[in-house]
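Some notes on the structure that comes next.
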Amino acid sequence: MAITASGGPQAWKAEDVRKDTTWILRLTPEEVEGFRTAMEHARQANKPLLDMEQADFPLPSASRRALERAVATTQGRWGMCLVKGFPTDEWTEADLRTAYWGMGLYMGVARPQNRASEVINDVRDAGGSYKTPGGRGYNTKAGLDFHQDSCDVVALLCRRTARRGGTSMVVSSVALRDRVRERRPDLLPVLEDGEGWFHSFQGTQEPGSQPPFYRCPIFGGGGDGEEIPFCARTNRKNTVAAQRDFAEVPRLTRPQEEALDLLDEIMPSRGRGDMQLLNSFVTLHSRTEFEDHEEGGPDAKRHLLRLWMSVPSSQALPRPWAEYWGDVRPGAVRGGVRGSGVTEEFKRYERRQAGAMGMPFKPWEPVVTKDDMARILAERAAAGQ
């Protein structure tokens, strides 16, 4: 039985998280020992990640409850959680990857993250470029724009820190919305427009059936009398990329540009063994540019492992968000980017894991196809939009 957070996400400011640290969970010695013993069992089993089940990473109840509390914290007051104390220095990189995947089997269903459809990513400088066509931030050393990832909860486990920089920064999307309401209430309807915002997939769409861009509002839900909680999704880099790369995408209006500028104006931070979990609907995150260690070889450089998770306690989403997220039902398996490398092994994993977590699941298919998008754009053009 998953732990449920009391109350929903609320707006917060930097001084709030400094005064109240209930968003930080520190593992007890008993909980840490549970992860050690589960890792030893998984090492002996030596199964491929996508074939693993909870029985292959057998967590004692104390350790299991620690992960459940962490996920519940992301759905509550703060929309985030920092879990401290994982014994990462005791494990090889391969062990850590197995242990992290094993933890994910108790948190939800992992989602594919890139055009290769990988389900666990290395966040480290691999020489990539950020603000270029198809560029992603996780394989660069660049500072990143504030954004949300394509999942209910993004989980980052730190293996190595940088020599300098690489500081994580998190802001409350709820507080961001409240600030827009104070400064420019006329821009809220612009940000909530369900059909006027186009964003690039940055090459991570399923190439056979999905268009290379999608529609999704910046803000949604949370209105008076609405049953759908507030949620946000913004990544200006992808919005700009849609404008740059696709001539058929409608041009941004002046109010849309003003809204993006305002968000940029309002939006202004981990160690080894720490795991950061963020609710993608109510927080935005970024990272400062970093400089790696030169001595010690590649293994001494900044390195985090990333999981994108659908979780059973996730909120319902507004109907227009289905185009990107696939399923707007609370607690459903959704999100991720399909990419071109989804295997039969992954399909078996997500169906099996959804059953293990008691989560609604439907096989993936695009909500809007290439032909659908061509028709939508033609209709907009005919209407002079």
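The values are calculated or read from the model by the stated rules, or taken from the named source; none is laboratory data. This structure is a prediction, so every number in the text was calculated from the model and none was measured. Neighbour counts are summed over all protein chains in view; Cβ atoms, including those assigned to glycine, are modelled from backbone coordinates with ideal geometry. Surface accessibility is based on the protein's heavy atoms, side chains included, excluding ligands, DNA and RNA. Shrake-Rupley method; radii C 1.70, N 1.55, O 1.52, S 1.80 Å.
Look at the dipole of the chain built from charges on Cβ: of S168, F346, V240, the Cα furthest out on the positive end belongs to S168. How high is the FRET efficiency between A316 and T21 when r is their beta carbon distance and R₀ equals 41 Å, given to the nearest 0.05? Efficiency computed from Cβ-Cβ geometry: 0.90. In a fully extended conformation the segment linking R183 and A116 would gain 20.0 nm over its present Cα-Cα distance, using 0.36 nm per residue.
Ignoring ligands, DNA and RNA, please state the percent of accessible area on the stretch 41-111 from carbon and sulfur, probe 1.4 Å.
Values: 1230 of 2520 Å².
Of all accessible area on the stretch 41-111, carbon and sulfur atoms account for 49 percent.
So, in nm, how far is label R375 from label Q10 when the simple model puts each one 7 Å beyond its Cα toward the Cβ? Spacing of the two 7 Å Cα→Cβ label points: 4.7 nm. Quick one: if the Förster radius is 22 Å, what FRET efficiency do R244 and K362 give, using the C-beta to C-beta distance and rounding to 0.05? Given R0 = 22 Å and the Cβ-Cβ separation, E is 0.05.
Taken about its Cα centre, the chain carries a charge dipole of about 200 debye when Lys and Arg each add +1 at the Cβ and Asp and Glu each add -1 at the Cβ. Taking the charge dipole of the stretch 1-107 about its Cα centre, with +1 at Lys and Arg Cβ atoms and -1 at Asp and Glu Cβ atoms, the residue from P48, A11, L82 reaching farthest to the positive side is A11. Rounded to the nearest 20, the size of the Cβ-charge dipole of the stretch 204-261 about its Cα centre is 300 debye, with Lys and Arg at +1 and Asp and Glu at -1. Label-to-label distance for A383 and A55 is 5.4 nm, based on points extended 7 Å past Cα in the beta-carbon direction.
Applying the Karplus relation 6.51 cos²θ - 1.76 cosθ + 1.60 with θ = phi - 60° to the stretch 50-67 yields 3J(HN,Hα) values of 5, 8, 6, 10, 4, 5, 7, 9, x, 7, x, 4, 4, 5, 4, 5, 4, 5 Hz, where x marks Gly and Pro. Computed with a 1.4 Å probe on the full set of protein chains, the accessible area for D95 sits at about 30 Å². Separation of the stretch 92-108 from the stretch 183-248 is 32 Å, based on Cα centroids. The 3J(HN,Hα) values that the Karplus relation (6.51, -1.76, 1.60; θ = phi - 60°) gives for the stretch 319-329 are, in residue order, 4, x, 6, 4, 4, 9, 8, x, 9, 9, 5 Hz. Gly and Pro appear as x. K370 contributes about 90 Å² of solvent-accessible surface, heavy atoms of the protein only, 1.4 Å probe. Rolling a 1.4 Å probe over the protein chains gives S340 an accessible area of about 90 Å². Its residues counted as N, the stretch 295-380 yields a C-alpha radius of gyration over 2.2 N^0.38 Å of 1.46.
In order along the stretch 189-203, the Karplus-derived 3J(HN,Hα) couplings, from 6.51 cos²θ - 1.76 cosθ + 1.60 at θ = phi - 60°, round to x, 5, 5, 8, 4, x, 10, x, 9, 10, 9, 7, 6, 6, x Hz, and Gly and Pro are given as x.
Around the Cα centre of the stretch 23-123, unit charges on the Cβ atoms of Lys, Arg, Asp and Glu (plus for the first two, minus for the last two) sum to a dipole of about 460 debye.
Leaving ligands and nucleic acids out of the surface, order D51, D372 by accessible area at 1.4 Å, largest first. Kindly include the intermediate steps, with their values, before the conclusion.
Values: D51 70, D372 45 Å².
The ordering from most to least exposed comes out as D51, D372.
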